[in-house]
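Inspection log for the structure reproduced underneath, given as structure tokens.
What follows is calculated from the coordinates using simple rules that are stated; it is not laboratory data. This is a predicted model, so every value here is computed, not measured. So basically every Cβ, Gly included, is an ideal-geometry build from the backbone, and we count neighbours across all protein chains shown.
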Amino acid sequence: MHRIIVDTDPGHDDIMAILTALAHSSELELLSFCTVAGNQTLEKVTNNILKVEDYLGIDIPVYKGCDHPLVKENKPQPAAHGESGMDGPILPEPVLKPQKETAVEYYKELLKKEDKVTIIALAPLTNLGTLLKEAPELSDHIEQIVLMGGALHGGNINKYAEFNIWHDPEAAKIVFDSGVKTVMAPLEVCYAGGIMLRETKRFNRKGKVSKLVKDLFDFYCRYAIDRGWDSTAVFDLIPILYLLNEDLFVQKKGKIDVILDGEDTQGQTLFKEGEGDHIVLIDADREGCMKIFFDAIDQLDERYI
Ligand code: RIB
Ligand code: CA
């Protein structure tokens with residue numbers, strides 16, 4: 001059993017990752033969500049996770065995190081996720097409220113008492129960079145950080161960088177230099193374990209959760225369709241799938257350095273194999289990844305009527 005905190009900026013793919021985790025409650029104990037500015041503003045991404053929890057009738061604690069990067073400016077991404085950060089599904093304003101403590105206060109309080117917690121980071125690393133900068137002694141209390149972020153050969157937000165790292169490279173550098181065991185899922189493995197656009201048609205059917213996923217994909221896949229692609233990555237799914245079945249992935253070990261500035265290089269992740277202990281996922285069994293995702297949504301359709 002992994003006890004996990006999900007650090008997130010929902011975000012269409014964040015929600016699909018969270019749904020997959022919810023379907024595996026016997027392997028993943030979901031302790032909380034910590035939100036952070038990224039895909040959209042802190043308010044909007046927090047609102048999105050609260051809306052989805054209300055839709056499912058669950059109340060996993062939500063802690064609001066940092067509303068802007070350590071040094072850089074906020075750069076929301078309406079092109080990929082819409083003005084709301086989760087365009088597509090029409091969900092009522094949430095009843096559920098976030099907790100009073102901030103995400104960083106929560107992390108500090110929890111990690112002082114526990115040391116067997118895995119943090120799944122699906123967003124810019126601002127919360128974790130702030131935590132490790134203010135309380136570096138707690139790095140020993142984090143079992144591992146499994147993050148979606150980084151790129152080995154080419155970026156999705158500039159020539160070389162992936163969005164989560166680009167949005168707050170200073171925070172990412174703190175995390176990678178902290179000594180915490182880190183597993184990185186860069187863009188390449190997310191595409192290798194991605195979904196064929198034709199496969200998204202399976203969600204066009206009865207089922208409360210399938211309807212949510214269909215509405216998410218209807219908006220999310222525009223980006224791929226506009227570019228004539230026949231598949232797309234569900235980026236944030238990969239860290240969850242890794243926790244559920246490491247054997248789906250080919251991994252390498254090495255050192256990760258982060259470039260902080262430069263039009264083409266801000267957020268670039270430089271992987272030096274064999275020079276460190278960070279794990280980098282470099283390939284995926286796509287069919288195996290998609291089977292876990294599809295089965296998870298099937299299960300949730302049974303659970304949430
Ligand atoms: O680059 C992909 C990442 O940026 C994903 O986490 C997606 O949700 C966006 O935040
Ligand atoms: Ca995300």
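Tabulated results
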read-out	value
Karplus-derived 3J(HN,Hα), 6.51/-1.76/1.60, for each residue of the stretch 133-150, Hz, glycine and proline x	6, 7, 9, x, 5, 7, 4, 5, 8, 9, 5, 6, 10, 10, 10, 8, x, x
FRET efficiency for K116 and F294, using Cβ-Cβ distance with R0 set to 30 Å, rounded to 0.05	0.50
Stokes-Einstein D in µm²/s, Kirkwood radius over Cα pairs - the chain at 25 °C with 0.890 mPa s viscosity	129
Dipole of the stretch 32-73 [Lys/Arg +1, Asp/Glu -1 at C-beta], most positive-end residue of F33, C66, T46	C66
The stretch 252-305 - Rg (one decimal) and Dmax (whole number), Cα, Å	18.2, 50
Dipole of the stretch 241-305, positive end: most advanced residue of I279, C289, L300 [Cβ charges, Cα centre]	I279
Mean Cβ neighbour count within 10 Å, used as a protection proxy, ranking 121-129, 205-213, 44-52 highest first	121-129, 44-52, 205-213
From phi via Karplus (6.51, -1.76, 1.60), per-residue ³J(HN,Hα) for the stretch 16-24 in Hz, x at Gly/Pro	5, 5, 5, 4, 5, 5, 4, 6, 10
Potential lengthening between E263 and M196 on full extension [0.36 nm per residue; Cα-Cα distance subtracted]	20.9 nm
Cβ-placed point charges (K, R +1; D, E -1), dipole of the stretch 145-233 about Cα centre in debye, nearest 20	680
Alpha-carbon gyration tensor eigenvalues x 5, square-rooted, for the stretch 154-305, Å	31, 18, 13
Long-range tail of P(r) for the stretch 40-169 (Cα pairs > 20 Å, %)	52
The stretch 1-118, relative contact order in percent, only Cα pairs under 8 angstrom and at least six apart counted	31
Length-normalised contact order for the chain - Cα pairs under 8 Å, 6+ apart - percent	20
